[in-house]
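Here you go, one structure.
Where a number appears in this text, it was derived from the coordinates with a stated rule and is not lab data. Because the structure is predicted, anything quoted here is derived from the model rather than measured. Cβ: placed from backbone, ideal geometry, glycine included. Neighbour counts: every protein chain shown.
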């Protein structure tokens, strides 16, 4: 399909779409030609007794090149048009042990 080149805002939205993070934010920095995407990664918050009390969110920044931003947009458009195309996600890796001790 013949597409027009996306705007900066469209590429920012595609990156946020790939992150699937409604609280995330993405900004384009023209001086470095990169997108800075902030993802909020959830983590368990424990009360004084050691039980999981709530969920906290830690901001993790990702630096995404202009070319990668374009690829995010192409992948999102392919996904929207029902084409099979994996969407790259800048999800932050988890470096610690999995904390799945539920209170019930």
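Under 1.5 on a/c is rounded, so check that first for the range 1-47, then, if it is not, pick prolate when a/b is larger than b/c and oblate when it is not; a ≥ b ≥ c are the square roots of the alpha carbon gyration tensor eigenvalues.
Oblate, because a/c is 1.5 or more while a/b does not exceed b/c.
Quick one: 82, 47, fewest Cβ neighbours within 10 Å first, how do they rank?
Lowest to highest Cβ neighbour count: 82, 47.
Stretched out fully, how many nm does the piece from residue 7 to residue 67 gain, at 0.36 nm a residue minus the Cα gap?
Gain on stretching residue 7 to residue 67: 20.3 nm.
Over all alpha-carbon pairs of the range 17-80, lay out the pair-distance distribution in 5 Å bins, whole %, shortest bin first.
Here the calculated profile for the range 17-80 is 4, 16, 19, 18, 15, 10, 7, 5, 5, 2.
Quick one: length gained pulling residue 36 to residue 58 fully straight, 0.36 nm per residue minus the C-alpha distance?
Stretched fully, the residue 36-residue 58 segment lengthens by 6.4 nm.
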